[in-house]
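Let me begin by presenting the structure, written as structure tokens, before commenting on it.
Any read-out appearing in this document is the output of simple, stated calculations on the displayed coordinates, not a laboratory observation. What you are looking at is a predicted structure, and each value in this text was computed from that prediction instead of being measured. Here the Cβ is made from the backbone with ideal geometry for all residues, glycine too, and neighbour counts use every protein chain on show.
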Amino acid sequence: MSHALLTPSVVDAKSLGRVAVLFGGTSAEREVSLMSGSGVLQALLSQGVDAFKFDPAERPLQELKAEGVSRCFIALHGRGGEDGTVQGALELLGIPYTGSGVMASSIAMDKVMTKRIWRFEGLPTPDWRIVASAHECEQALVALGAPMIVKPAREGSSIGLTKVTDPAQCAQAYAAAAKHDPEVLCEQFIEGEETTCPILFVDGQARALPVIRIVAPGGNYDYQNKYFTDDVKYLCPSQLDAAEEAEIQREVVRAFKTLGCRGWARADVMIRHTDRQPFLLEINTSPGMTGHSLVPMSAKVAGLSYEQLCVHLLASASLDKQA
């Protein structure tokens, strides 16, 4: 299907001031953040932006003031980066930043809270149970049916995630998730096609970019395949039916708005084989910007280069009170 191309706005690099690209951090996704941030930093520098690296794992955030920082590009992933904590610190420092504000970042990082809100608003998301033991995990498997996904409630990049097909796997799956978060989520597995769709603020409006269809070897789109192999096929344009793609785009924009997100995000969606019903899995408010990342891939199809995307996101940086 064809997509309307985005026209990149012309931004005077000097007007963006001194820019700190926040990457690294202390989360389980530090390695991916280092890759994302390096790419963003090089892109901004290539466009004449006065940008420099800032790793919150190595320097306290209050040093941003001493550096005379005008705005921050958040290329942190996971806890301490996209969960509202860094956003709150930047609010107190009065430094505008990319992406969602404190509340939306915090909610989106918590898969259970996200699903509760989506369910309340009538958005489709797989059924789930919160469990506190391996035994409760087994009970969830009975209730939800096999296969079932077991994962930490507040992690990303498939960290601590297990696909369970048999009760004998529950103890190990629960332990793998609980190692990262005391709150463990058991989620109904949707048999079907895996897709993802970025959302970008353009002229103050949330707009869905082209959908990407993900074809992973053996259906295993795990941490290793996401970032460190070239075995996964990414189809963008997605080659889905035009009406089906449009429905996914409508749903992800609704999901984005329902949580109060701003700036940009990427929502993951499964399409059930039996009836082609889309199900929202989660939304990422600080998506990856690595060589394997999906937002730049989709943006390119929409007419934005990696460099133009980075400048666009930086130009949209704001504080909650300015949003």
Review point. What is the order of Cys236, Cys137, fewest Cβ neighbours within 10 Å to most?
Key: Cys236, Cys137
Check your understanding: What FRET efficiency do you get for Gln42 and Met103 if R0 is 30 Å and r is their Cβ-Cβ distance, rounded to the nearest 0.05?
Key -> 0.40
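For segment 103-155, run through the chymotrypsin sites (Phe, Trp or Tyr not before Pro) and keep only the ones in DSSP coil with at most 12 other Cβ atoms within 10 Å of their Cβ. It would help to have the intermediate numbers written out before the result.
Numbers: sites: Trp118, Phe120, Trp128; in loops: none.
Those that pass, being in a loop and sparsely packed, number zero.
Can you list which of the trypsin sites (Lys or Arg not before Pro) found in segment 159-214 are DSSP loop residues with at most 16 other C-beta atoms within 10 Å?
Working: sites: Lys163, Lys179, Arg207, Arg213; in loops: Lys179.
Listed in order of number, the matching sites are Lys179.
Add -39500 (n - 2.57) for each DSSP H run of 4 or more in the chain, then divide by its residues: what number comes out at 222 nm, to the nearest 500 deg cm²/dmol?
Numbers: 11 runs with 108 residues, N = 323.
Calculated mean residue ellipticity at 222 nm is -10000 deg cm²/dmol.
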Review point. What is the list of residues in segment 199-215 whose amide nitrogen lies under 16 Å from a point 7 angstrom out from the Cα of Ala242, following Cα to Cβ?
Key: 210-211
Check your understanding: Which value, in Å³ per residue, describes the convex hull spanned by the Cα atoms of segment 84-202?
Key -> 126
Exercise for review: Would you pull out the residues with amide H under 5 Å of Gln277's amide H, same chain only if 5 or more places away, H placed 1.01 Å from N?
Suggested key: Arg272
Exercise for review: Give the calculated FRET efficiency between Asp231 and His135 to the nearest 0.05, with a Förster radius of 30 Å applied to their Cβ-Cβ distance.
Suggested key: 0.25
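Which of the pairs Lys115/Lys233; Lys163/Lys233; Lys115/Lys179; Lys65/Lys115; Lys14/Lys300 have their Cα atoms more than 30 Å apart in this structure? If you can, show how the numbers build up before the last one.
Details: Lys115/Lys233 28 Å; Lys163/Lys233 21 Å; Lys115/Lys179 22 Å; Lys65/Lys115 37 Å; Lys14/Lys300 25 Å.
Violating the 30 Å limit, Cα to Cα: Lys65/Lys115.
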Review point. Taking Cα centroids, how far is segment 261-283 from segment 46-118 in Å?
Key: 24
Practice item. Starting with the highest mean, order 57-63, 193-199, 245-251 by the number of other Cβ atoms within 10 Å, averaged over the residues of each peptide. Key: 193-199, 245-251, 57-63
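Please report the equivalent ellipsoid semi-axes of segment 128-188, computed as sqrt(5 x eigenvalue) of the Cα gyration tensor, largest first, in whole Å. Don't skip to the answer; put the middle values down first.
Values: eigenvalues 50, 23, 20 Å².
So the three semi-axes of segment 128-188 are 16, 11, 10 Å.
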Review point. For helix 30-46, what angle does its Cα long axis make with the longest principal axis of the chain, in degrees from 0 to 90 and rounded to 10?
Key: 30
Check your understanding: Where the Cα atoms of segment 13-98 are projected onto their three principal axes, how long is each span, largest first, in whole Å?
Key -> 34, 27, 19
Check your understanding: Between Thr7 and Arg207, what is the label-to-label distance in nm when each label sits 7 Å out along the Cα-to-Cβ direction?
Key -> 1.0
**Study point:** Cα-projected label distance for Leu93 with Ala171, points at 7 Å along beta-carbon direction, nm
**Key:** 4.7
Exercise for review: Report the FRET efficiency, 1/(1 + (r/R0)^6), for Ala146 and Ser70, where r is their Cβ-Cβ distance and R0 is 56 Å, rounded to 0.05.
Suggested key: 0.60
**Study point:** Projected-area average for the chain over all orientations - Cα convex hull basis, square nanometres
**Key:** 15.6
